[in-house]
1. Modelling each spin label as a point 7 Å along the Cα-to-Cβ direction, I'd like the A:Glu61/B:Ala151 distance in nm, to one decimal.
2. Helix-only mean residue ellipticity at 222 nm, chain A, DSSP H runs n ≥ 4 weighted -39,500 (n - 2.57), per residue, nearest 500. What is it?
3. In the structure displayed, which of A:Lys55/B:Lys36; B:Lys96/B:Lys158; B:Lys36/B:Lys158; A:Lys56/B:Lys36; B:Lys36/B:Lys165 lie more than 27 Å apart, Cα to Cα?
4. Are there DSSP H segments in chain B that both extend 15 Å or more along their axis (alpha-carbon positions) and score a mean Kyte-Doolittle hydropathy of at least 1.0? List them, or say none.
5. Give the residues of the range A:80-112 whose amide nitrogen is closer than 14 Å to a point set 7 Å from the Cα of A:Arg28 in the direction of its Cβ.
6. Quick query: amide H of A:Val66 versus all other amide H atoms, modeled in the peptide plane; which residues come in under 5 Å with a sequence gap of 5 or more or a different chain?
7. Can you work out the accessible area per residue across the protein assembly as shown, with the rest of the protein chains kept in place, probe 1.4 Å, in square angstrom?
8. If you take the charge dipole of the range B:7-166 about its Cα centre, with +1 on Lys and Arg Cβ and -1 on Asp and Glu Cβ, which of B:Met75, B:Val11, B:Ala127 is farthest toward its positive end?
Amino acid sequence: MVKTRTLVTIILCILLLAIAASLFLWLRPAGGRVANVYLDGELLYSIDLDALTEKKTYTVETDRGVNVLVAEPGRIRVESADCPDQVCVDFGWLTDSAAPIVCLPHRLVIQLTGETDVDAEVGG
Amino acid sequence: MNLKRLCRDAVLTAVALTIFIVELQIPDLLPIPGVKLGLANIVTVTALFTLGPVDALAILLCRILLGSLFSGNMMALVYSLSGGLLSFLVMLLLKKILTAKQLWAASVFAAVAHNLGQILAAVAVTATPSLFIYLPILTVSGVVTGLFTGAAAQFAVKRLSGVLKN
């Protein structure tokens, strides 16, 4: 049998490591202002947020559902979605975080990177 | 399967489902997919430690399937299943080395394993490895919620094991 003290130590170590890793990953800047929108792992749009001069709306529609994205100079967010959990909408604006906006039910991911993918439809 | 066992497991499944549906009404604490209390796991842990692996697995699978159906979120099924099964496996292994008083720890590791399983499924489904960036924060959330549900399950086992076993 394992001692309770050992268990507590293991759990505390995991917790501290995870907190450190989260802080490191989330506070790290994305290193760029190009928003790549992926659907099913495939690049759909590559939007250079710094090159934008006005508000742009993108509608991503599949047989799973609809997400409406709004890009403004320097930031992007999911304005509305018909998914059940609304996690992607609640995320709010993505400005310089390395953490992506995810809509798991619709398999949609929005991630900031440094480079534009030349093969993608730039700016929609 | 005898009638008594069937009824007992059905009642526990109903309890788990009720908790699951009620928990859906609680607003998301953080805009991160997968951060939730996981209160229904209290029933899984309780069943595993009082009734054994077969009954607990049956209750878990019924709850996940019916829960996805009732919440109208069938697309969440694959995430729930991979998370649920991985956490069940971890609890099964831990059950062999933990005493009844250390039951809460099984729940902590189970919650962390559940979130890991969900991320693995999400990475596979969306083909987006960068989702692993959510692993640390989901681990923190798993430890905290696992402690809570683990403590609840430990109380439940202490009070209910006499009722459930006979």
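The values are calculated or read from the model by the stated rules, or taken from the named source; none is laboratory data. For clarity, every value in this text was computed on a predicted model and none was experimentally measured. Reconstructed Cβ throughout: ideal geometry from the backbone, glycine too, with neighbour counts over all protein chains shown. Please note that ligands, DNA and RNA were not included when accessible areas were found on the heavy atoms of the full protein model with its side chains. Shrake-Rupley method; radii C 1.70, N 1.55, O 1.52, S 1.80 Å.
1. Spacing of the two 7 Å Cα→Cβ label points: 5.0 nm.
2. Mean residue ellipticity, 222 nm, calculated: -7500 deg cm²/dmol.
3. Beyond 27 Å: A:Lys55/B:Lys36; A:Lys56/B:Lys36; B:Lys36/B:Lys165.
4. Helices passing the filter in chain B: B:3-24, B:53-71, B:77-95, B:103-126, B:135-165.
5. Within reach of a label on A:Arg28, which here means backbone N under 14 Å from a point 7 Å along Cα→Cβ, the range A:80-112 contributes A:97-100, A:112.
6. Those qualifying (amide H under 5 Å, at least 5 residues apart or on another chain) are A:Asp82.
7. On a per-residue basis, the protein assembly as shown sits at 49 Å².
8. B:Val11
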